[in-house]
1. Just the residues that are touching a helix residue (DSSP H, G or I) at 6+ places or on another chain (Cβ under 7 Å) and either free of Cβ contacts under 8 Å to residues at least 24 places away in the same chain or surrounded by fewer than 23 Cβ atoms within 10 Å (Cβ to Cβ) (or both), please, taken from segment 135-145.
2. Only one residue in 78, 57, 70 is at pLDDT 95 or above and either part of a helix (DSSP H, G or I) or within 16 Å of the chain's Cα centre (by Cα) (or both), so which one is that?
3. Looking only at segment 2-28, count how many residues are at pLDDT below 50 and within 30 Å of residue 255 (Cα to Cα).
4. With the structure loaded, tell me whether residue 126 is in contact (Cβ under 8 Å) with a residue 24 or more places away in the chain, surrounded by fewer than 23 Cβ atoms within 10 Å (Cβ to Cβ), under 21 Å from residue 315 (Cβ atoms) and touching a strand residue (DSSP E or B) at 6+ places or on another chain (Cβ under 7 Å) or whether it fails that test.
5. Can you tell me which of 245, 253 is touching a helix residue (DSSP H, G or I) at 6+ places or on another chain (Cβ under 6 Å) and either assigned by TED's automatic domain parsing to the domain that holds residue 88 or over 28 Å from residue 171 (Cβ atoms) (or both)?
6. Only one of 296, 220 is within 16 Å of the chain's Cα centre (by Cα) and within 25 Å of residue 192 (Cβ to Cβ); which?
7. Please go through segment 224-234 and pick out each residue that is within 20 Å of the chain's Cα centre (by Cα) and surrounded by 24 or more Cβ atoms within 10 Å (Cβ to Cβ).
């Protein structure tokens, strides 16, 4: 009997060790600073579902919104260290990493004419090379860039903002990046760098007079409860990126990498569709909340900001890159 039991146990052990490697589970944590009701969160949940389905449960992706895993810098640093696996936010957030400064070119004011132009350029071979270089230098990879963003606007507690001169002396929250700072310093504002999760408080307490984000990041956290002036400057169009720790990426098989890229594209469309739906309702939502919605003198803003990029040309990014990106749109 003992001999028989031993034989059965040995056979069971052999069967277990013979199972292919893909039977092992992998659980990844993906974070963002956007709220759980935002288009980004909808996309992240869709990504998680697609990956789980396509890998037959081998890979699970847990979604953390509202800055639960940290703000932009904490998420990026966590991916470098391997303590956070993935993130979803604008591709230009990569610029907070040393070695990824070139991506700042996508923040040049009025570089893109439309959402479609931004999506086309930021998915081009030109930017695929930039993403690959960033991964090599920083240990954080943008493996897909899908999810059209609302155009950036200026939202303030004082206003209305119709011309660049109306911003003179206002205290603006900006992301802590030199090109954002240069943009708003050119407009005559006093700048304060704050994380996304700090904006509502800063607006409500008068620490800042305004902030710049699009509908999809400004409406879900209800900044309109405390900032009653919206100026549709449309000064930056962007695309959301799927970020992953290079350590995690290198653990994936080629098949799983393809699944992740396909899931990023499909889930990015969820974000795009949700953002477009929100954009279509946004003015009505804001005005119903007592917000003054202004269509400013956009030409005046374009003129005021037309030379901002020049101080970064040839240093932060290669000489002629802005002209190359504009030419790509002309050919489209």
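1. 135, 138, 139, 143
2. Unique residue meeting the criteria: 78.
3. Of the residues in that region, 13 qualify.
4. Spelling it out, it is not the case that residue 126 is in contact (Cβ under 8 Å) with a residue 24 or more places away in the chain, surrounded by fewer than 23 Cβ atoms within 10 Å (Cβ to Cβ), under 21 Å from residue 315 (Cβ atoms) and touching a strand residue (DSSP E or B) at 6+ places or on another chain (Cβ under 7 Å).
5. Unique residue meeting the criteria: 245.
6. Unique residue meeting the criteria: 220.
7. If the condition is that a residue be within 20 Å of the chain's Cα centre (by Cα) and surrounded by 24 or more Cβ atoms within 10 Å (Cβ to Cβ), then 233 is the only one that fits.
Yes or no, residue by residue, for (1) modelled with pLDDT under 85; (2) assigned to a loop (DSSP other than H, G, I, E, B); (3) surrounded by fewer than 19 Cβ atoms within 10 Å (Cβ to Cβ); (4) under 28 Å from the mean Cα position of the chain (by Cα):
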residue	(1), (2), (3), (4)
30	no, no, no, yes
36	no, yes, yes, yes
40	no, no, no, yes
45	no, no, yes, yes
48	no, no, no, yes
51	no, no, no, yes
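The values are calculated or read from the model by the stated rules, or taken from the named source; none is laboratory data. The shown structure was predicted, so the numbers you read here are calculated from the model rather than taken from an experiment. Methodologically, a virtual Cβ is constructed for each residue, glycine included, from the backbone with ideal geometry; neighbour enumeration extends over all protein chains shown.
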